[in-house]
Amino acid sequence: MDKKKITITLFALVVLAQLFVPAKMIWDQEDVLRSGNEFKFKTAPVDPNDPFRGKYITLSFDHNTVEVENTEDWYRGDEVYAIISNGKDGFARIQSIKKEKPSGNKDYLKAEIGFSTGTANRVSIDFPFDRFYLEESKAEEAEYTYWSSRRDTTKITYALVNIKDGQAVLKDVLIDGVSIVELVNKE
């Protein structure tokens with residue numbers, strides 16, 4: 001083969017690799033949405049803006065701590081596997097955390113340790129789905145709707161998250177079972 005054919009072949013391989021990587025990332029996220037188990041995480045709001053990625057609502061969660069035997073075994077930023085189950089109220093709870101990938105049919109997600117409280121033997125978990133991105137023109141109205149729902153104690157606000165094999169995808173934010181996007185579009 002001459003030099004020109006080798007160059008064209010290498011160029012084609014580089015192009016294919018560049019297309020494969022983002023396609024694989026999208027495929028993995030879609031697989032979690034399609035076949036992962038769905039959980040509802042109760043939220044509390046914050047609203048920042050990322051100049052590179054756009055407007056989003058930052059979500060903090062009501063149930064993001066778990067009791068451990070010894071808080072000295074867990075350090076801020078440690079990668080952990082949080083085993084998730086539904087509580088009696090239908091909302092997700094952290095059942096336990098492990099340093100190794102769990103085996104069996106348990107629903108779990110990869111997360112990080114936030115902080116620990118030595119006196120209460122509890123650690124907080126930073127979930128990987130704490131940002132809900134919105135269309136720029138709807139973000140301010142969505143933020144107002146979200147904050148209003150959090151002040152109204154009769155309304156239930158939660159994040160709908162699909163989990164599969166340690167991966168989690170934030171599907172939607174709902175207020176009393178209605179998508180925040182739908183609520184904003186109605187107004």
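May I ask you to sort S35, S124, S148 by Cβ crowding, counting other Cβ atoms within 10 Å and putting the fewest first?
On the way: S35 10, S124 19, S148 13.
Ordered by Cβ neighbours within 10 Å, fewest first: S35, S148, S124.
Restricting to DSSP H runs of at least four residues, report the calculated mean residue ellipticity at 222 nm for the chain, -39500 (n - 2.57) per run over all residues, nearest 500 deg cm²/dmol.
Values: 3 runs with 56 residues, N = 187.
It lands at -10000 deg cm²/dmol.
Once you place label points 7 Å from the Cα toward the Cβ at E69 and S35, how far apart are they in nm?
3.6 nm
Per residue of the stretch 68-76, what does 6.51 cos²θ - 1.76 cosθ + 1.60 with θ = phi - 60° give for ³J(HN,Hα)? Whole Hz please, x for Gly and Pro, Karplus curve as stated.
10, 5, 9, 5, 5, 7, 10, 10, 3
What's the FRET efficiency of T119 with V14 using the Cβ-Cβ distance as r and R₀ = 45 Å, to the nearest 0.05? Could you put the intermediate results ahead of the total?
Details: r = 56 Å, r/R0 = 1.23.
The pair T119/V14 has a calculated efficiency of 0.20.
In this model, which of K106/K171; K55/K186; K106/K164; K42/K98; K42/K88; K55/K138 are farther than 18 Å apart at the alpha-carbon?
With Cα atoms farther than 18 Å apart: K106/K171; K55/K186; K42/K98.
Just going by the charge dipole of the chain, with Lys and Arg at +1 and Asp and Glu at -1 on Cβ, which of P128, S35, F91 is farthest out on the positive end?
So the residue furthest toward the plus end is S35.
Determine the dipole magnitude for the stretch 69-151: charges of +1 sit on the beta-carbon of Lys and Arg, -1 on that of Asp and Glu, nothing else is charged, the reference point is the Cα centre, and the result goes in debye to the nearest 20.
The calculation lands at about 380 debye.
How far, in nm, would the chain grow between Y144 and D28 when pulled straight, counting 0.36 nm per residue and subtracting the alpha carbon separation?
38.5 nm
Treating cross-link reach as a plain straight distance, find the aspartates and glutamates whose alpha-carbon is under 13 Å from the alpha-carbon of K99, omitting any fewer than eight places away in the same chain.
Counting by Cα, and skipping residues close in sequence, K99 has these aspartates and glutamates nearby: D73, D78, E79, E112.
Would you mind classifying the chain by shape? Square roots of the alpha carbon gyration tensor eigenvalues, ordered a ≥ b ≥ c; an a/c under 1.5 is rounded, otherwise it is prolate if a/b is larger than b/c and oblate if not.
On the way: a/c = 2.22, a/b = 1.33, b/c = 1.66.
Oblate is the answer for the chain, as a/c is 1.5 or above yet b/c matches or exceeds a/b.
Under a 10 Å cutoff between Cα atoms, tell me which one of T119, T43, T145 has the largest fluctuation in the Gaussian network model of the chain.
Comparing T119, T43, T145 in the GNM, the peak value goes to T119.
Could you give the dipole magnitude of the stretch 35-187 about its Cα centre, charging the beta-carbon of Lys and Arg +1 and that of Asp and Glu -1, in debye to the nearest 20?
340 debye
Where a number appears in this text, it was derived from the coordinates with a stated rule and is not lab data. Predicted, not measured: the structure shown is a model, and the values here were computed from it. Please note: Cβ atoms are built from the backbone with ideal geometry, for glycine as well, and neighbour counts cover all protein chains shown.
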